[in-house]
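A.B. asks: Attaching a single structure in structure tokens format; questions to follow.
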Amino acid sequence: MQGWLDGLFGFVAEDLLRFGLIGSIAAAVMIPFWRLVPLTTGLCGTRGSGSAAAASTTIFIPFILVAITLHPSFNGLSGEWFVLAAALLLLAAAEEILCRGFLMDVLSFSGNRMTGLALSSVIFAWFHLWNSHASIAGVLNILLAGILFGLLRFTSGGLIYPTLLHWLWNLVTGMVFGWSVSGHITLPTLFTCSEAPPWGAFGPEESLIMTVVMLGGSIILFTSLRKTEAGPGYVQNARNEARPEN
């Protein structure tokens, strides 16, 4: 469907905007099929804001510090920047609905959501194998990112926080500091760094820093999940957040 839509939306010259529109439509078409599958957790929950903020801070702070050492200079804002930032949000939402929503629920065989988490993360990483300049380190780190986004859905009870974190990652790395995002082409950026970052053309996703922060963020979320699920009233609250099974 995405291939067919890509041809249909060929009149949209900007690749990122076209991908955002295509992903949104394809996700909308998939939703009726998703309704046939039992949920592993909720769809729009926003609990566990503290652990979500802690994991996000763990991820972003090291890369912001790296950017500061590369002497960034401000380029200014444009209307195109805001349009493409919105397209990135559409694309992040579509990927989260597919990978941390539909696929994670479908692949949670016999109700084992950790199986769904692992398998959907492998597929998420597999999607990136054909990106430009793909590397083993980069794809493995994207696998870790998929696990972190999945844990964030479990801890929050929905896809809102995973979508926001996914979007902010792409926005900050690609459209604030101007780095390659998983091998994708350079986007309009707020800052230009005068020195090259300490990773290859695939982007910060292939750096050792990414490995460390993804593991750290995942530990924070997993610890929070264990504590939350052990607390009183969790089961009933989780049921209330989840859509009734068909």
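The values are calculated or read from the model by the stated rules, or taken from the named source; none is laboratory data. What you see is a predicted model, and the numbers here were worked out from it, not measured in a lab. Virtual Cβ from ideal backbone geometry, glycine too; neighbours counted across all protein chains shown.
A.B. asks: State yes or no: is Ser180 farther than 24 Å from Thr46 by Cβ, without any contact (Cβ under 8 Å) to a residue 60 or more places away in the chain and not aliphatic (A, V, I, L, M)?
C.D. replies: On the way: farther than 24 Å from Thr46 by Cβ: yes; without any contact (Cβ under 8 Å) to a residue 60 or more places away in the chain: yes; not aliphatic (A, V, I, L, M): yes.
It is true that Ser180 is farther than 24 Å from Thr46 by Cβ, without any contact (Cβ under 8 Å) to a residue 60 or more places away in the chain and not aliphatic (A, V, I, L, M).
A.B. asks: Yes or no: the stretch 204-211 includes at least one residue that is of a type in the set (S, T, N, Q) and either in a loop (DSSP other than H, G, I, E, B) or modelled with pLDDT of 60 or more (or both).
C.D. replies: Quick first cut of the stretch 204-211, residues of a type in the set (S, T, N, Q) only: 207, 211.
Filter once more, keeping what is either in a loop (DSSP other than H, G, I, E, B) or modelled with pLDDT of 60 or more (or both): 207, 211.
Yes, some residue in the stretch 204-211 is of a type in the set (S, T, N, Q) and either in a loop (DSSP other than H, G, I, E, B) or modelled with pLDDT of 60 or more (or both).
A.B. asks: A further question on this structure: Kindly evaluate Ala67 against the criterion of being modelled with pLDDT of 95 or more and surrounded by 23 or more Cβ atoms within 10 Å (Cβ to Cβ). First the steps, then the outcome.
C.D. replies: On the way: modelled with pLDDT of 95 or more: yes; surrounded by 23 or more Cβ atoms within 10 Å (Cβ to Cβ): no.
Judged against the criteria, Ala67 is not a match.
A.B. asks: For Glu96, indicate whether it is among the acidic types (Asp, Glu), in contact (Cβ under 8 Å) with a residue 12 or more places away in the chain, in contact with a helix residue (DSSP H, G or I) (Cβ under 7 Å, 6 or more places away or on another chain) and part of a helix (DSSP H, G or I). Don't jump to the end; show me each part of the working.
C.D. replies: Numbers: among the acidic types (Asp, Glu): yes; in contact (Cβ under 8 Å) with a residue 12 or more places away in the chain: yes; in contact with a helix residue (DSSP H, G or I) (Cβ under 7 Å, 6 or more places away or on another chain): yes; part of a helix (DSSP H, G or I): yes.
Taking the combined requirement at face value, the residue satisfies it.
A.B. asks: Looking only at residues that are part of a helix (DSSP H, G or I), more than 13 Å from Phe177 (Cα to Cα) and polar (S, T, N, Q) in the stretch 56-93, which one is nearest to the chain's Cα centre (by Cα)?
C.D. replies: Selected residue: Ser56.
A.B. asks: Can you go through Ile209, Ile219 and tell me which one is over 14 Å from the mean Cα position of the chain (by Cα) and without any contact (Cβ under 8 Å) to a residue 12 or more places away in the chain? Talk me through it step by step, then tell me what you get.
C.D. replies: Numbers: Ile209 fails: without any contact (Cβ under 8 Å) to a residue 12 or more places away in the chain.
Criteria check complete, one pass: Ile219.
A.B. asks: Residues Leu140, Leu168, Leu151: which one is under 25 Å from Glu80 (Cα atoms) and at pLDDT 95 or above? Before the answer, list the steps.
C.D. replies: Values: Leu140 fails: under 25 Å from Glu80 (Cα atoms); Leu151 fails: under 25 Å from Glu80 (Cα atoms).
On inspection, the qualifying residue turns out to be Leu168.
For (1) surrounded by fewer than 20 Cβ atoms within 10 Å (Cβ to Cβ); (2) within 17 Å of Thr41 (Cβ to Cβ); (3) β-branched (Val, Ile, Thr), each residue gets a yes or a no:
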| site | (1), (2), (3) |
| --- | --- |
| Glu96 | no, yes, no |
| Arg100 | no, yes, no |
| Gly116 | no, yes, no |
| Ile123 | yes, no, yes |
| Leu129 | yes, no, no |
| Ala134 | yes, no, no |
| Ile147 | no, yes, yes |
| Leu152 | no, yes, no |
| Gly158 | no, yes, no |
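A.B. asks: As an exercise: evaluate Asn131 against (1) part of a helix (DSSP H, G or I); (2) touching a residue at least 12 places away in the same chain (Cβ under 8 Å); (3) more than 24 Å from Ile61 (Cα to Cα); (4) of a type in the set (S, T, N, Q) and give the number of the one condition it does not meet.
C.D. replies: Condition not satisfied by Asn131: (1).
A.B. asks: Given the criteria within 19 Å of the chain's Cα centre (by Cα) and assigned to a helix (DSSP H, G or I), does Ala27 qualify?
C.D. replies: yes
A.B. asks: Need the failing condition index for Ser78 against (1) among the hydroxyl-bearing types (Ser, Thr, Tyr); (2) in contact (Cβ under 8 Å) with a residue 40 or more places away in the chain; (3) within 15 Å of Ala145 (Cα to Cα), just the number.
C.D. replies: For Ser78, the exception is condition (3).
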